[in-house]
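Have a look at the structure below, then the notes.
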Amino acid sequence: MLKRTPFYKKHLEAGGKIIPFAGFEMPIQYKGIINEVKRVRTTVGMFDVSHMGRVEISGPEALEFISQITTNDPSKLENFQAQYSCMCHPDGGIVDDILVYRLPDKFLLVINAGNKDKDLNWMVEHKLKGANIKDVSDEMAQLAIQGPKAESVVQKLSDINLREIKFYWSADCEIAGVQTFISRTGYTGEDGFELYFPNNYANKVWDAIFEAGKEFELEPVGLGSRDTLRLEMKYCLYGNDIDKTTTPLEAGLGWITKFDKKDFIGKSALLKQKEEGLKRKLTAFIMKSKAIPRHHYKIFGLPVSPSQGGEGNQIGEVTSGNFSPSINKCIGLGYINIPYNKIDTEIEIECRGKIEKAIIIKPPFYKNATHK
């Protein structure tokens, strides 16, 4: 049985095309992915992300527990501050990438929808006696309002000054008279907020935001545009760009891997990989044609690629790819063997039996986002 978020009827009313996703019936698009990407980049769009997993960690050993199961250092967080992090297997492979919020009396972990059960089992398996784990995913709704005009829309409904909330910080407030936990975070590269509030106020908040957003041309946006927006920023997608076979260091997430803190799961393996040197790295590239690079397409290096009569010097594999409406080019990510991953290096992608040329670039693909 597929689950539905509290906004399911709103999606239907707005013309959303519903598909199965991570155990839910979710809107893939409304007016179209290209239109929705441009809406978020130019004004503001709203995503239903209630399908995400939300887990509260409390108790006297909550901080130590989170420090042990994540690569980043939660002890550096102040109250109401957020942190991007990930959990790893002992061999350094990624269990999931997550957001960690430190609140006055607990921590809130936001995890990928498709990984919720796996992540919860992982947490329980490694739980400390003085840490309490509570799955609150089904108790609250979650909306993301993203785009250059996001603050202007949400401020009309808020009882606090949103300008005082810095990027990756949060606060308790009222939105449209509803008690809400709000954070300045998102998955698009644009300025924006994520709102957490009780399910039974879903329709009230949805309607209030759309009324407030009319003058800014706010529109609902689906999972398709969300995926394109995150790709344009080279934000990793679990299941494509990162999984149990990849490490944070290979994925370019060394900045959330803190070797100077106490032991954490996967630390020794990651430290060994760092000392021995990486053999591959997640790399961004732009296609020179209109071909879209898809997951698992082979990447070849020059000058012995099949197009030049060689047997094929495979140097990597595509993890994500799509057409980017923001730069009007086809873009992709893939793990490429070092040293073939240098910027400005020409590579070739095998797309449906044909060889297409591409060039490696310094990410992000879209350079003008509000937050990078």
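The values are calculated or read from the model by the stated rules, or taken from the named source; none is laboratory data. What you are looking at is a predicted structure, and each value in this text was computed from that prediction instead of being measured. Note: ideal-geometry Cβ built from the backbone for every residue, glycine included; neighbour counts use all protein chains shown.
For beta carbons closer than 7 Å, sequence separation of 6+ or different chains, a first residue in the stretch 93-113 that is closer than 11 Å to Ser58 by Cα and a second that is buried (at least 19 other Cβ atoms within 10 Å of the Cβ) and of a type in the set (Phe, Trp, Tyr), the qualifying pairs are Phe107/Tyr101; Leu108/Tyr101. Could we say that Glu194 is of a type in the set (Asp, Glu), crowded, with 23+ Cβ neighbours inside 10 Å and assigned to a loop (DSSP other than H, G, I, E, B) here? Considered against the rule, which asks whether it is of a type in the set (Asp, Glu), crowded, with 23+ Cβ neighbours inside 10 Å and assigned to a loop (DSSP other than H, G, I, E, B), Glu194 comes out as no.
Comparison of Lys127, Lys134, Lys116 shows that the only residue that is under 19 Å from the mean Cα position of the chain (by Cα), surrounded by fewer than 21 Cβ atoms within 10 Å (Cβ to Cβ) and of a type in the set (Lys, Arg) is Lys116.
Within the stretch 263-271, is there a residue that is in contact (Cβ under 8 Å) with a residue 60 or more places away in the chain and closer than 23 Å to Gly186 by Cα? The answer is no, given that none of the residues of the stretch 263-271 is in contact (Cβ under 8 Å) with a residue 60 or more places away in the chain and closer than 23 Å to Gly186 by Cα. Determine if the stretch 53-66 includes at least one residue that is in contact (Cβ under 8 Å) with a residue 40 or more places away in the chain, among the aromatic types (Phe, Trp, Tyr) and under 26 Å from Ala150 (Cβ atoms). No: zero hits. When residues in the stretch 50-76 are screened for being of a type outside the set (Ser, Thr, Tyr) and part of a helix (DSSP H, G or I), 9 of them pass.
Among the residues making up the stretch 194-248, those that are under 21 Å from the mean Cα position of the chain (by Cα), farther than 15 Å from Val154 by Cβ and among the aliphatic types (A, V, I, L, M) are Val221, Leu223, Leu229, Leu231, Met233, Leu237, Ile242. Among the residues making up the stretch 203-229, a single one is in contact with a strand residue (DSSP E or B) (Cβ under 6 Å, 6 or more places away or on another chain), crowded, with 23+ Cβ neighbours inside 10 Å and among the small types (Gly, Ala, Ser): Gly222.
Every condition in (1) assigned to a strand (DSSP E or B); (2) touching a residue at least 40 places away in the same chain (Cβ under 8 Å) is met by Ile315 except one, and the failing one is (2). Scanning the stretch 156-191 for residues that are more than 24 Å from Tyr84 (Cα to Cα) and hydroxyl-bearing (Ser, Thr, Tyr) returns a single hit, Ser158.
For Tyr366, the test of being closer than 28 Å to Asn35 by Cβ and surrounded by 21 or more Cβ atoms within 10 Å (Cβ to Cβ) is passed.
All of (1) touching a Ser or Thr at 6+ places or on another chain (Cβ under 8 Å); (2) assigned to a strand (DSSP E or B) hold for Arg226 with one exception: (2).
For the stretch 240-258, the count of residues that are among the hydroxyl-bearing types (Ser, Thr, Tyr), touching a Pro at 6+ places or on another chain (Cβ under 9 Å) and either over 20 Å from Ile331 (Cβ atoms) or modelled with pLDDT of 95 or more (or both) is nonzero.
With respect to the conditions (1) within 30 Å of Phe264 (Cβ to Cβ); (2) touching a helix residue (DSSP H, G or I) at 6+ places or on another chain (Cβ under 9 Å), Glu194 falls short on a single one, namely (2). Please enumerate the residues belonging to the stretch 157-189 that are under 30 Å from Leu237 (Cα atoms), assigned to a loop (DSSP other than H, G, I, E, B) and among the hydrophobic types (A, V, I, L, M, F, W, C). Selection gives Ile165, Phe167.
No other residue among Lys290, Lys267, Lys354, Lys272 is closer than 30 Å to Leu77 by Cβ and exposed (fewer than 14 other Cβ atoms within 10 Å of the Cβ) apart from Lys272.
State whether the residues of the stretch 41-49 include one that is in a helix (DSSP H, G or I) and either crowded, with 23+ Cβ neighbours inside 10 Å or touching a residue at least 24 places away in the same chain (Cβ under 8 Å) (or both). Yes, because at least one residue in the stretch 41-49 is in a helix (DSSP H, G or I) and either crowded, with 23+ Cβ neighbours inside 10 Å or touching a residue at least 24 places away in the same chain (Cβ under 8 Å) (or both). Apart from one condition, Ser289 fits all of (1) out of contact with any Phe, Trp or Tyr (no Cβ under 9 Å at 6 or more places or on another chain); (2) in a strand (DSSP E or B); the exception is (2).
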